[in-house]
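Comments concern the structure below.
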Amino acid sequence: MILLEDVVKTYSSGAPALNGISLNIEAGEFVFIVGDSGSGKSTLIKLLLRELKPTSGRIIVNNTDVTKLRHGRVPKYRRNIGVVFQDFRLLKDRNVYENVAFAQRVISVPGRQIKKNVPQVLSTVGLAEKYKSRPRELSGGEQQRVALARAIINKPPILLADEPTGNLDPRNSWEIMKLLEEINKNGTTVLVVTHSREIVNAMHKRVITVKKGVIVSDQEEGEYIDED
Amino acid sequence: MRISTLGYTFKQGLKSIFRNKVFSLATIATISACIFLFGIFYSVMVNFQNIVHQAESGVAVTAFFDNDITDQRIQEIGQEISTRAEVSKVVYVSAEQAWNDFKDDYLGEYADSFGDDNPLADSANYEIYLSDVAMQDQLVDFLTSVQGIREVHKSANAANTLATANNLVSYVSLAIIFILFAVSIFLISNTVAIGISVRREEIAIMKLIGATDFVVRSPFLIEGIILGLIGAALPLVAIYFIYNKAIGYVMQEFAVLDSILAFLPVEQIFNTLVPIALILGVGIGFLGSAMTVRRHLRV
Ligand SMILES: Nc1ncnc2c1ncn2[C@@H]1O[C@H](COP(=O)(O)OP(=O)(O)OP(=O)(O)O)[C@@H](O)[C@H]1O
Ligand SMILES: [Mg+2]
């Protein structure tokens with residue numbers, strides 16, 4: 001599903017953020033990416049989203065060679081990938097319903113279908129009641145659930161989460177993780193970047209540890225590796 | 001693009017206009033001023049041209065024949081003249097007709113004293129009407145060289161002066177309008193740029209979700225086009241009401257010139273002005289926003 005071959009990414013200034021990453025993630029896997037601040041985790045996510053192009057190496061996602069993707073094809077490619085971030089990135093001037101519907105509107109889903117899909121996905125994340133609320137009227141956990149609903153409404157085969165619980169308390173963090181696990185159980189390949197030792201150690205998933213732009217450990221049912 | 005997406009895009013464009021009201025108003029005001037001036041210039045120009053044209057059609061060159069000319073030669077000359085491009089009409093005036101006209105115009109009842117004599121026996125001529133007064137000298141040169149023509153009279157000519165003035169007015173107004181258009185495009189592009197910066201986050205999210213460039217850009221293009229349309233419609237309404245008032249005023253103040261002032265009805269002006277103004281408005285709106293969108297939304 002996701003294949004990286006010797007991927008290097010150097011920003012215009014300084015040392016490479018990723019320095020020769022190779023990895024293979026199968027369809028339906030649930031993978032944690034962990035590592036120190038500045039180790040290159042977000043850079044990896046951006047490469048997968050084709051927000052950035054690698055300096056060298058090859059990235060193949062869902063049978064698409066992302067490195068060779070023409071500009072005009074990028075939107076179609078991105079529809080295969082749902083994404084959530086630490087800061088939720090909701091539209092503050094729109095209510096929950098509109099924030100989620102937005103993801104379908106911008107890819108021209110018929111209005112009739114949007115009306116059907118939005119309540120359905122909102123109940124999946126447990127927010128059916130709050131569809132009229134604005135983001136500022138919601139807790140952090142609720143906001144992240146809206147973001148999650150927006151990320152999965154188009155049923156992407158891949159879901160990327162860059163520190164989705166970074167701004168949440170433990171209880172809300174767990175709720176989000178449970179949702180991610182459920183989404184994964186329904187067939188979606190899930191990639192989660194996190195700093196949360198408790199969650200990683202409790203969930204017994206594959207754990208990839210990155211340090212200074214290289215993979216230092218990749219374990220099935222892995223544990224959070226302490227920095228020495 | 002689906003109808004529902006189009007509707008959504010349109011709504012976003014409208015929202016953006018209301019979100020930065022001040023800039024939208026400033027933009028509409030500038031475009032309005034621009035189109036208003038354009039409309040005024042256009043109305044004046046079209047009327048002016050109409051007046052010049054009317055004056056032109058009255059301008060005639062008169063060609064008198066040699067004394068011993070044959071009727072056949074007169075006909076030949078007539079044919080030769082009428083094939084020329086600058087000539088719109090050739091009228092033969094016989095000696096009797098010339099005398100009759102002269103009597104009517106200048107002598108009135110005293111004409112009787114001449115009895116049946118025609119003092120203008122040699123004055124048979126062609127009255128040659130021009131389609132373009134500017135070509136008068138050329139025509140005169142030609143006529144002087146024709147065998148059988150004794151004398152050529154140019155008409156005194158107000159029309160010539162009018163035509164020159166007409167050109168000058170056109171150039172000056174074109175220059176002014178051009179400057180105004182440039183200012184309008186600049187303002188639209190500023191308004192759209194603000195819209196884009198206000199919506200940076202939203203645009204970023206749209207792109208992540210997989211919106212095409214077209215979907216990302218079109219609300220801004222629609223914003224520009226709507227501003228352009230409103231900016232064009234307002235001055236048209238204003239001109240419609242001002243036009244007849246202005247004509248009434250001119251007619252009253254310059255009643256002396258009544259015979260040469262031939263104004264066109266507002267409907268006739270609007271037949272062409274409305275489409276031109278709307279296209280200009282939409283064009284300005286589209287261009288201004290397209291420029292900005294290209295610059296700021298390189299996706
Ligand atoms: N746009 C950029 N321009 C230049 N350097 C950058 C840019 N983005 C990231 N970097 C650098 O690349 C390296 C990796 O950054 P990245 O954001 O991928 O780290 P991270 O693992 O996500 O860290 P964190 O856990 O703090 O989010 C860092 O050294 C960072 O300074
Ligand atoms: Mg990061």
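The values are calculated or read from the model by the stated rules, or taken from the named source; none is laboratory data. Values in this document were obtained by computation on a predicted structure and should not be read as measured data. Note that we place each Cβ from the backbone using ideal geometry, even for glycine, and neighbour counts take in every protein chain shown.
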Qualifying residue in segment A:36-57 (condition: within 16 Å of ligand 2 (Cβ to nearest atom) and acidic (D, E)): yes
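This table checks each residue for (1) surrounded by fewer than 17 Cβ atoms within 10 Å (Cβ to Cβ); (2) within 14 Å of chain A (Cβ to nearest Cβ); (3) touching a residue at least 60 places away in the same chain (Cβ under 8 Å); (4) outside any helix (DSSP H, G or I).
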position	(1), (2), (3), (4)
B:K11	yes, yes, no, no
B:E80	yes, no, yes, no
B:V90	no, no, no, yes
B:A98	no, no, no, no
Pairs where the first residue, in segment B:270-299, is without any contact (Cβ under 8 Å) to a residue 24 or more places away in the chain and the second is among the charged types (D, E, K, R), C-beta under 9 Å, 6+ apart: B:R294/B:R217
B:I239, sole failed condition from (1) surrounded by 21 or more Cβ atoms within 10 Å (Cβ to Cβ); (2) farther than 17 Å from B:L273 by Cα; (3) touching a residue at least 12 places away in the same chain (Cβ under 8 Å): (2)
Residue, farthest from the other protein chains (Cβ to nearest Cβ), within segment B:184-220, restricted to residues that are among the basic types (K, R) and over 44 Å from the mean Cα position of the chain (by Cα): B:R200
Looking only at segment A:151-177, and only at residues there that are within 12 Å of chain B (Cβ to nearest Cβ), more than 16 Å from ligand 2 (Cβ to nearest atom) and outside any helix (DSSP H, G or I), the one that is surrounded by the most Cβ atoms within 10 Å (Cβ to Cβ): A:I153
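Can you tell me which of A:L122, A:L138 is more than 20 Å from the chain's Cα centre (by Cα), away from chain B (no Cβ under 13 Å), closer than 19 Å to A:M177 by Cα and at pLDDT 95 or above?
Details: A:L122 fails: more than 20 Å from the chain's Cα centre (by Cα).
So the residue among A:L122, A:L138 that is more than 20 Å from the chain's Cα centre (by Cα), away from chain B (no Cβ under 13 Å), closer than 19 Å to A:M177 by Cα and at pLDDT 95 or above is A:L138.
Yes or no, residue by residue, for (1) at pLDDT 95 or above; (2) within 14 Å of another protein chain (Cβ to nearest Cβ); (3) surrounded by 15 or more Cβ atoms within 10 Å (Cβ to Cβ):
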| position | (1), (2), (3) |
| --- | --- |
| A:I33 | yes, no, yes |
| A:D36 | no, no, no |
| A:S42 | yes, yes, yes |
| A:S56 | yes, no, no |
Filter result (within 16 Å of ligand 1 (Cβ to nearest atom), over 20 Å from A:I208 (Cα atoms) and touching a helix residue (DSSP H, G or I) at 6+ places or on another chain (Cβ under 8 Å)) within segment A:52-87: A:L52, A:K53
